[in-house]
Each structure stands twice: as C-alpha cells, then as structure tokens.
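What follows is a set of notes on a single structure, which appears directly below.
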Amino acid sequence: MKPTTFSLFVTLAALAACNNLYSPSTNVPPPPGPNFTVIRAQGDSLAIADTLNKFRAALGGSLNAPNSPPADSGRREINWDGVPAALTNVDNFPADFFNVNSKRGAIFSTSGTGFRVDSSGFSDINAGLADQFKAFSPKKLFMSVGSPVLTVDFRLVGTTTNGLVKGFGVVFSDVDRANSTRVDYFDANGVEIASIASPAHLGAQGFTFVGAVFDSAIVARVVITSGDASLDASSQDVSAGGTKDLVVMDDFVYGEPRPLR
Ligand SMILES: [Ca+2]
Ligand SMILES: [Ca+2]
C-alpha cells in the first residue's frame, strides 16, 4: 500500500533525524506493489458496454451463473435488475443477499445505515431526483443509505470462507466531478493495493466505469466511494444547484472469488 509505505518511510526518516539509529541506507525505495491494469471509461451506454467487454476479457473466463458453486476461473456480475420487488425501493436491502439469496460471493457493509436497490431513479426518496440518474442496465440502480461509502468483501460463492478476486469494476451514474467517486482495493492483509478515481461523465446518459484487473486473485475487499453524499429528502446534485456530487451505482463485475493461499 503506497500511502502506508510512504508513512513508514517518513517515520524512519524522523527517527534517523532524532537519534541517528538509521543510516541513509534505510532510504531505499519501497518494494513495488502488485501489477494491475486500470480500465476506465466515460460516455453513453454503448461506450460503457464496450469497455465492460474489455474488462470482462481482462478478467478471463466466462460468466458463472448465480448460485453455481465456486469455480476456478471466470467472473460474477450483479446488475440489480432481478432483485425481488419486496426488496426493491426499501432501505434495508440485505447485505448478504448476493451470497445467500442469490449466491455470487459478495457481502456488503457500510458506515451508513443500509443499502437500497431502486427502480424509481430514487424519486421515492426525493422527487427532485427523478431525472438525475440514468440506469446503464434498466432499470434498477444501487446505493448505500446514510453514507456514500460502502465495502464489498468477497467470499467463496455461497460460503462464509473469505475469497480473493482478480479484479473488480463498477458502472457509476452521474459522476459530475472527477475525484468525487473512487474505488479502493485491499489485499487479504488489509493493505491498500490500488485507488482509482472515476473520471467525470461526458454528458450524454452520464455513465462512467472504474475497474482494475490484477495479475492474480489478490483483492479481498473493495471500498467504493459513490459521490460526496448519500441521498435524502433534501438532496440536490451539484448539477442541479446543490453543493454535493450525488452518484449512484449500476453493474458490478468481478473475478470469481478464489481461496486464500
Ligand atoms: Ca441495473
Ligand atoms: Ca452527480
């Protein structure tokens, strides 16, 4: 994790300055982090679909069907659209739905209060948002509740055993400001191994995609920051006179969770 490595270096340098315990030879560069490929895009649904196909190819293998047992390769996808009506447009979408009800190896958590799969463009929360967010895969979208930050932990599909994925990508809707939205990637030791910001959208339809693919399955967790704020009854996007860049999520695509080595 580069920021931690840098902090450690600063600490060592400070100690050296204080008591001369450390010679200048400690000022060696940190070891390089794992190799990964960043795949990002901004544009309409056609442009994003083209990029998603490149991302899928980089993950390798094929789409493993929901509820199929853990596989050696391939990927899982979540587009939210098949979520039952009873769990749509409510603020308590189950955090483990995509490893228990529809097994795909993803467990959510947030410092907020819950999760929402939405078919109303979030107009049920706030009528002023009715035209704010387009769906890449119509028509359901996803957002955490009470915080724009959520975590995805990976499990061997359908089990409670931690898993590692080769890559993760997400389609965002309505990123107006570069750096309001990002995906941070962590290994099994909790070390941050990549941090990738979404570009701003280009206008038409307002989609962006952020993904990273590593050389092997080493990602235990991703933390998604979906804009500046969660959505509530008074939310106003920066594009509509507000001060916050409001952003929601559509498709998740990620490598098949693999066992820890
Ligand atoms: Ca969708
Ligand atoms: Ca926005």
**Asked** For region 181-261, treating each Cα as an identical point scatterer without solvent, what Debye log10 I(q)/I(0) comes out at q = 0.14, 0.26, 0.27 1/Å?
**Response** -0.58, -1.33, -1.39
**Request:** For the chain, build the convex hull from the C-alpha positions and give me its volume per residue in Å³.
**Result:** 144
**Asked** Which value, in debye to the nearest 20, describes the size of the charge dipole of region 48-92 about its Cα centre when Lys and Arg Cβ atoms bear +1, Asp and Glu Cβ atoms bear -1, and nothing else is charged?
**Response** 180
**Request:** Taking the Cβ of residue 207 as the centre, find all other residues whose Cβ is under 13 Å away and add up their charges (Lys, Arg: +1; Asp, Glu: -1).
**Result:** -4
**By average C-beta atoms within 10 angstrom, highest first, the peptides 243-249, 63-69** = 243-249, 63-69
**Item:** Radius 14 Å from Cβ of residue 245, net charge of other residues (Lys, Arg +1; Asp, Glu -1)
**Value:** -1
**Prompt:** Can you give the relative contact order of the chain as a percent, counting alpha carbon pairs under 8 Å and 6+ residues apart?
**Reply:** 25
**Item:** 10 Å beta-carbon shell around residue 171, net charge (K/R +1, D/E -1)
**Value:** -2
**Item:** Sequence ranges 77-90, 165-178, ranked by mean other-Cβ count within 10 angstrom, highest first
**Value:** 165-178, 77-90
**Complete:** The size of the Cβ-based charge dipole (Lys, Arg +1; Asp, Glu -1) of the chain about the Cα centre, to the nearest 20 debye, is 700
**Residue among 114, 94, 206 farthest towards the positive dipole end of region 34-259, charges placed on Cβ** = 94
**Asked** Taking the simple approach of a point 7 Å from Cα along Cα-to-Cβ for both residue 28 and residue 147, what is their distance in nm?
**Response** 3.8
**Request:** Calculate, for residue 159 and residue 111, the FRET efficiency according to 1/(1 + (r/R0)^6) with r their C-beta to C-beta distance and R0 22 Å; round to the nearest 0.05.
**Result:** 0.30
**Request:** May I ask you to list the lysines whose Cα is less than 24 Å away from that of residue 54, ignoring any residue fewer than eight positions away on the same chain?
**Result:** 134, 139, 140, 166
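Each value in this text was obtained by applying a stated rule to the coordinates, not by laboratory testing. Predicted, not measured: the structure shown is a model, and the values here were computed from it. Note that we place each Cβ from the backbone using ideal geometry, even for glycine, and neighbour counts take in every protein chain shown.
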